[in-house]
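Down below is the structure, laid out as structure tokens.
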Amino acid sequence: MTSMQRPSKDSISPWWIILLLLSYFAMAVWMSVRLPALATPNELLNFEYIQVMRQIGGLPNRGLVDSEVRYTEWHQPPLYFTFAALAGLPVPVPPSDTNPPAPIEWPSNPAYLATHRGNLNPVVHVTPENTPLLYTSRIAATLLGVLGVSGLYRAGRCAYGTAVALLMASLLAFQPNYIHLSGSVNNDMPLTAVAALVLSYTILLLYNDKQPRAFLGLGLLAAAAILTKANGVFVLAYLGAAWLAVLLRHHNWARAGKSILFTLAGLVPLWGSWLLLNTIRMRDTLGVEGSLPVGRVLALQPRDFALLAPWLDNIWRSFWLDWSAGDTGYGPDWFYLLWSALLLVGLLGWLRPSSEHRQRLLALVVLLGAAAISYLYFAVKALTVKEAGYLVPEGRWWLPIMPGLAWLAAVGYSHWWQGAQQNRALLLAALVPAGSTLLLLVLHLPALYPQAQPVSSTAVDAQQNATIYDSALALSTGEVKPLTAGADTRIDLTYQVLQDIDRDYTIAAQLLVPYKGGWQKLDEQNSYPGYGRSPTAGWRAGEAYRDSITLHPLAAPEGPTLAQVVIQVQENGRNLPAGQGGTVVDPPVLLTTSVRPASPMAIGAPLDQPVEYGGILALRGATTVEEGDDLLVSLWWESLKETPANYTIFAHVLDKEGALQAQDDSLPASGSSPTTIWRAGDIVRDVHRVPGGATGASVLVGVYDGQTGERLQAQQAGRLLPDQVLRLEVEP
């Protein structure tokens, strides 16, 4: 094997990496403070692990408890949890005489997951002030994240120079799930950070051609990875790659053997001690029975992996952005396109010819580790689909592949450039991940976990256009645009506190439309203010808050439809009395708006020739059906233009002699779809129930102005209709 040559000295300032690490740390801390408590996957169980370690000064005794709900995570190796417990030593925690102690009492959020995306915090009133250990544990994850990024940068700089190393570090540090989990109590991101250290140390060993005794450090780092999370065993692929590289380079079995022995000297004592402890504590030697059924995974056939094909898009999205409690990532589309393009451009760079043999060797090491990580992840997910028929992607489990991806993409990207242009291109590329993730933190995170914002009490007037609830809280809203079926619509609310509040009120919102003599619910949302992030306990008289709710209505049944937003303020499921202008109201309708279909509804029984009325609306379809003693006249109208007038539709039933037998005059859709809310192109289904319909009778359909009584001129196929009406024959 040819000798590896160091890259020529570059002129890039070392301050760039300091700035990058500070930016990463600031974003991760921002995330750790901004995320609701326990909003990230398994954070409750992980945090209890840390608190119990502080309470008893050791590991929780999982073997003495029966509840898998609380203790399912306690089979996990303790490295991160121990580090977090040590980081939180300044936080006083009362000791416990029992192992394990009683579960932590949390102030639960009864509206958890009861709203649209955003209300993902299961507890309330948990802050850095009253639960500091939670936040020091999150910062502990951030510190390990800094180590992982720093290690990757150090190895990349040694092998390829500062510019390539900066791009590697940026791709890892600002991968949004890496940032997300850096602000969470978890061991997925710490495992990724330690995996980055294992990869980096392996690269440094090979690049600098270290003596076998240096492999002791590789064994220790590998043990650290396995002791961070059980599925960290994939790092053994890096060890095997390193031993193979030593043998290929020196053609010396003795040297390769010594490298293996020194590696095992670092790995076996720590890993072996943990395996023994697992065997004694809970008769689970590998400590993975709760999450990684080894026997069933190894029994998978290659065809079983094909079961994942329908889920690949969800897996990819979840890998990049999973800022929720185990749900599939749902970031903006531009974000997924951007990161996919970054990786694609970088990886395609490896197709360009390169004479450097060392690059191919280092790439092989990285690929072996990535393959091991990917196999474990996809094997577990394939087993889930095979046995359960469904899949929760949980891309965080695949996150340890990111150091390898960052390495390959950064080096591949450098292949596209030569000379002085290379450094400029790499630096510019390194800014892209940081900028995109900053945008997500500024725009996406607040939208995902919104809060009610304090406003000046002089900016609102509780007594004007407001609903008063139990003399404690006044609620009002501004003008709301029409809602569209199937689309999110935000409705801004203003709360003014009339007296001190010492309890948490639920805001229960319903979107109702009239239907068949009653009401149809198109959507509802129940939550504390701020989607659970701003509970009312502690609000004081004179304060005011600006908040919002999001409604996602179903399609209105008859086309554009008037709708009412009813908001109840509840305490333990009981509606508080509400009043408007000194009058008790039930239900409290906060505002009236309209719901529009996403696209015009289909026309039933279309007429051969539509009838236009006054150039304002056209009758496109009609049917007449007897139902008992009544005649149902169904009309499909198309709006030709907007109008400020409310027009009345009439259906007059004539007997066989032509005399008026019965009639029904009403606003369209029984008043639920007045013409004032119609827009050009709208289709409205308008049903008239006329009592006493008779077989063989005819129906006259016309339109008039409800205020003047003047009929609109009716025209069909270019000719005026007598009396401005269309005559429909009732079929026997």
Exercise for the section: Can you give me the number of residues within segment 659-670 that are surrounded by fewer than 13 Cβ atoms within 10 Å (Cβ to Cβ) and either touching a strand residue (DSSP E or B) at 6+ places or on another chain (Cβ under 8 Å) or not in a loop (DSSP other than H, G, I, E, B) (or both)? Expected result: 1
Handout entry: Among (1) assigned to a helix (DSSP H, G or I); (2) modelled with pLDDT under 90, the one test that residue 292 misses
Key = (1)
Problem - Flag if residue 471 is exposed (fewer than 13 other Cβ atoms within 10 Å of the Cβ) and under 26 Å from residue 532 (Cβ atoms) - result: yes
Practice task
Go through the residues of segment 104-125 one by one and say whether even a single one is more than 23 Å from residue 451 (Cβ to Cβ) and of a type outside the set (D, E, K, R).
Solution key: yes
Practice task
Can you give me the ranges of the strands (runs of 3 or more DSSP E) entirely in segment 546-597 with at least 1 residues that are touching a Pro at 6+ places or on another chain (Cβ under 9 Å), free of Cβ contacts under 8 Å to residues at least 60 places away in the same chain and under 25 Å from residue 531 (Cβ atoms)?
Solution key: 561-571
Fill in the blank from the handout: Checked 84, 26 against criteria (within 30 Å of residue 153 (Cβ to Cβ), among the small types (Gly, Ala, Ser), modelled with pLDDT of 90 or more and buried (at least 17 other Cβ atoms within 10 Å of the Cβ)); the one match is 84
Fill in the blank from the handout: Checked segment 153-210 for anything touching a residue at least 40 places away in the same chain (Cβ under 8 Å) and outside any helix (DSSP H, G or I); matches are 161, 174, 175, 183, 184, 185, 186, 187, 209
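Conditions (1) open to solvent by 10 Å² or more (accessible area, probe 1.4 Å); (2) at pLDDT below 90, marked per residue:
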| site | (1), (2) |
| --- | --- |
| 204 | yes, no |
| 213 | yes, no |
| 218 | no, no |
| 227 | yes, no |
| 231 | yes, yes |
| 238 | no, yes |
| 251 | yes, yes |
| 255 | yes, yes |
Exercise for the section: For segment 29-44, enumerate the residues that are open to solvent by 20 Å² or more (accessible area, probe 1.4 Å) and part of a helix (DSSP H, G or I). Expected result: 29, 30, 33, 34, 44
Practice task
Return yes when residue 49 is crowded, with 16+ Cβ neighbours inside 10 Å, aromatic (Phe, Trp, Tyr) and modelled with pLDDT of 85 or more and no when it is not.
Solution key: yes
Problem - Residues satisfying the stated conditions in segment 383-429, i.e. in a helix (DSSP H, G or I), free of Cβ contacts under 8 Å to residues at least 12 places away in the same chain and more than 28 Å from the chain's Cα centre (by Cα) - result: 420, 421, 424, 428
Handout entry: The listed residue being touching a residue at least 12 places away in the same chain (Cβ under 8 Å), closer than 30 Å to residue 726 by Cα and surrounded by fewer than 21 Cβ atoms within 10 Å (Cβ to Cβ), out of 603, 501
Key = 603
Handout entry: Qualifying positions in segment 487-517 - among the polar types (S, T, N, Q) and either farther than 24 Å from residue 597 by Cβ or at pLDDT 90 or above (or both)
Key = 494, 496, 499, 506, 510
Practice task
Answer yes or no: is there a residue in segment 353-364 that is under 17 Å from residue 413 (Cα atoms), surrounded by fewer than 19 Cβ atoms within 10 Å (Cβ to Cβ) and at pLDDT 85 or above.
Solution key: no
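Let's see how each residue does on (1) surrounded by 20 or more Cβ atoms within 10 Å (Cβ to Cβ); (2) under 22 Å from residue 563 (Cβ atoms); (3) in contact (Cβ under 8 Å) with a residue 60 or more places away in the chain:
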| residue | (1), (2), (3) |
| --- | --- |
| 599 | no, yes, no |
| 608 | no, no, no |
| 613 | yes, no, yes |
| 633 | yes, no, yes |
| 636 | yes, yes, no |
| 649 | yes, yes, no |
Handout entry: Conditions (1) crowded, with 21+ Cβ neighbours inside 10 Å; (2) assigned to a loop (DSSP other than H, G, I, E, B): number failed by residue 530
Key = (2)
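The values are calculated or read from the model by the stated rules, or taken from the named source; none is laboratory data. Just so it is clear, the structure is predicted and the values come from calculations on it, not from any experiment. Neighbour counts are summed over all protein chains in view; Cβ atoms, including those assigned to glycine, are modelled from backbone coordinates with ideal geometry. These accessible areas exclude ligands, DNA and RNA; they are computed on the full protein's heavy atoms, side chains included. Shrake-Rupley method; radii C 1.70, N 1.55, O 1.52, S 1.80 Å.
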